[in-house]
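Report on the structure given below.
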Amino acid sequence: MPVSFITLHRGEDLRTARVVAVSVDPEIVTYVASALLRDPDYVSSRSNDDPVVAAINQGRRKALRRVLGANG
């Protein structure tokens, strides 16, 4: 069965970032997924001139909703 998890990284950039913490706690995963869905900058629903970026944003929203459904 698939599991959702959250990781916290720290570093100067993506290349040097290291994992600080990992959680599979469904309450933490649900909290973070819900917060991301409420953040308009993370999964912007505004129209985008780039169809690839628009598709990625749409996919993120759908994936986060599925995570919430699996944990709720």
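Quick look at the values:
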| quantity | calculated |
| --- | --- |
| Principal semi-axes in Å for the chain [√(5λ), Cα gyration tensor, largest first] | 23, 19, 10 |
| Inter-label distance for Leu68 and Thr7, nm, one decimal - labels placed 7 Å from Cα along Cα-to-Cβ | 2.5 |
| Relative contact order (%) - criterion: Cα under 8 Å, at least six apart; region: the chain | 27 |
| Sorted by Cβ density within 10 Å, fewest first, the residues Leu8, Leu64, Leu36, Leu14 | Leu14, Leu8, Leu36, Leu64 |
| Net length gained if the chain between Asp25 and Asp41 were fully extended (0.36 nm per residue, minus Cα distance) | 3.2 nm |
| The chain, dipole about Cα centre (Lys/Arg Cβ +1, Asp/Glu Cβ -1), debye to the nearest 20 | 200 |
| Peptide ranges 18-26, 52-60 listed from the most packed, as the mean C-beta count within 10 angstrom indicates | 52-60, 18-26 |
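Computed from the coordinates by the stated procedures, all read-outs in this text should not be read as laboratory data. What you are looking at is a predicted structure, and each value in this text was computed from that prediction instead of being measured. Every residue, glycine among them, receives a Cβ derived from its backbone with ideal geometry; neighbour counts consider all protein chains shown.
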